[in-house]
Every structure is written in C-alpha cells, then in structure tokens.
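S.K.: Got a structure for you, written out below as structure tokens; questions coming shortly.
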Amino acid sequence: MTKTSHIRELTVTAMLCAVATVLMFLDFSLPMFIPSFVKMDVSELPALLASFSLGPVYGVAVCLVKNVLNMIFHGSTGGIGELCNFLIGAAFVATAGVLYRVNKIRRGAVIATLVGALVMAVVSVPVNYFISYPVYSAMFGGMDAIIGAYQALRPGTNGLMECLLVFNMPFTFVKGLLVSVLCFLIYKPLSPILHGRR
C-alpha cells in the first residue's frame with residue numbers, strides 16, 4: 001500500500017466516522033412497534049460503506065469511533081448503550097464486509113448484507129439480555145418496568161427473553177435491511193469518493 005493510498009483510506013474513514021456520528025444523534029422512536037426507549041437510527045450505513053469499500057476492519061473502526069463520540073457528546077447511559085451499539089453494529093458490518101470480500105458482485109453484496117443483518121439481529125439478543133437491560137433496569141425503575149413497556153404493546157409477553165425475541169430481534173433485523181437498502185442506493189454514486197477514482 002502506498003502512502004498516498006493509506007492517507008486516502010484514513011481520510012475516507014474519518015469522513016464516514018463523522019457522518020455516522022451525526023446519524024447516530026438523529027435517532028427516533030417507533031412506539032407503535034417497540035417501546036420508545038428502543039431507538040431506530042441508520043448510523044451503521046457509513047460503517048457498511050467503509051466495510052464494503054475499504055474492508056471490514058475499517059467498518060468496525062467507524063462503529064467504534066461513532067460510539068465513542070456519541071458517548072462524549074450525547075451519551076446518557078454511562079457508555080453502556082454505546083458499548084452495546086458497537087457490539088451489535090460491528091457484528092453486522094464485519095460479517096457483511098468479510099462475505100463481500102469473498103464475492104465482490106451485486107449478488108454477493110446482497111447475500112453479505114442479508115447474513116450481516118441476521119447476525120446483527122441474533123447478536124442483539126445476548127448483548128441486550130446480559131449487558132444493556134440489566135444495567136437499564138438498575139437505572140430506570142427495575143426490570144418489571146421494562147417488561148411492562150413491552151406488555152403494553154403485547155399483553156401476553158412474559159419475561160425479558162421473550163421481549164427480546166419477539167420485539168428486539170425482528171426490529172434489529174429490519175434495521176439491518178433498511179441500512180442495506182440505503183447502502184445499495186448510494187454506494188455506486190459514492191464509489192468514486194470511496195475508492196479514490198475519478
């Protein structure tokens with residue numbers, strides 16, 4: 001790798017980190033589908049672009065930097081929310097990036113993002129079950145209050161694991177699909193910038 005190429009990759013990564021940080025600030029709730037404390041954002045989009053264009057390590061780096069910056073400027077959970085967001089997002093972009101490097105055609109990209117979204121959804125369950133929700137329950141009124149928010153949407157919901165399987169896992173998978181669709185829409189127009197081509 002030439003020095004110029006390395007500088008370009010670092011510059012593109014820094015630019016994608018900045019965009020990802022802004023997108024993470026722009027989260028929003030979908031209270032008709034999932035409790036309002038679970039937020040939707042598309043901040044994995046720049047990380048996925050980095051993973052496809054530069055490699056999965058760069059995608060994970062974007063996930064890391066945007067969460068560190070969000071924790072500094074916008075965090076409200078003592079870094080726990082950002083840690084979980086990083087673990088879940090990194091699972092998505094690393095999986096998609098590795099698979100795309102094996103098969104760099106459009107079909108390969110589709111398969112890579114589908115598998116990445118599925119891995120992200122599955123990883124979200126243990127991450128939320130063992131890390132985020134135990135901490136949130138101590139901070140925001142106990143586990144009964146958290147489960148009660150899910151029961152307001154689906155009265156028969158019983159226990160945290162069921163909440164995560166019925167609500168969070170599908171929600172996270174749909175989020176991954178949304179990010180993937182947006183990536184396919186903008187990747188080609190941005191390709192000259194991402195790859196340093198005229």
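S.K.: Could you tell me whether THR157 is hydroxyl-bearing (Ser, Thr, Tyr) and either open to solvent by 80 Å² or more (accessible area, probe 1.4 Å) or in a helix (DSSP H, G or I) (or both)?
M.R.: Against the criterion (hydroxyl-bearing (Ser, Thr, Tyr) and either open to solvent by 80 Å² or more (accessible area, probe 1.4 Å) or in a helix (DSSP H, G or I) (or both)), THR157 does not qualify.
S.K.: Let me ask something else about it. In the range 96-122, how many are β-branched (Val, Ile, Thr) and open to solvent by less than 20 Å² (accessible area, probe 1.4 Å)?
M.R.: 1
S.K.: Residue check: is VAL93 closer than 26 Å to PHE130 by Cα, out of contact with any strand residue (DSSP E or B) (no Cβ under 8 Å at 6 or more places or on another chain), crowded, with 23+ Cβ neighbours inside 10 Å and of a type outside the set (Ser, Thr, Tyr)?
M.R.: Here the answer is yes, as VAL93 does meet what is asked.
S.K.: Further question on the same structure: In this structure, is SER124 closer than 21 Å to MET32 by Cβ, in a helix (DSSP H, G or I) and of a type in the set (S, T, N, Q)?
M.R.: yes
S.K.: I'm checking my understanding of the structure. Among residues of the range 10-44 that are open to solvent by less than 20 Å² (accessible area, probe 1.4 Å), part of a helix (DSSP H, G or I) and not β-branched (Val, Ile, Thr), which one is nearest to GLY108 (Cα to Cα)?
M.R.: Only one residue fits best here, namely GLU44.
S.K.: I need the full set of residues from the range 70-90 which are of a type in the set (A, V, I, L, M) and under 16 Å from ASN128 (Cβ atoms), in order please.
M.R.: ILE80, LEU83, LEU87, ILE88, ALA90
S.K.: Output the number of the condition that THR2 fails; it satisfies all remaining conditions of (1) modelled with pLDDT under 95; (2) within 24 Å of PHE184 (Cα to Cα); (3) open to solvent by 70 Å² or more (accessible area, probe 1.4 Å).
M.R.: (2)
S.K.: So, one more: Only residues that are of a type in the set (D, E, K, R) and surrounded by fewer than 13 Cβ atoms within 10 Å (Cβ to Cβ): list them for the range 160-189, please.
M.R.: LYS188
The values are calculated or read from the model by the stated rules, or taken from the named source; none is laboratory data. Please read all numbers here as calculations on a predicted model, not as lab measurements. Note that each Cβ is placed from the backbone with ideal geometry, even for glycine, and that neighbours are counted across all protein chains shown. Accessible surface is based on the protein model in full, side chains and every heavy atom, while ligands, DNA and RNA are left aside. Shrake-Rupley method; radii C 1.70, N 1.55, O 1.52, S 1.80 Å.
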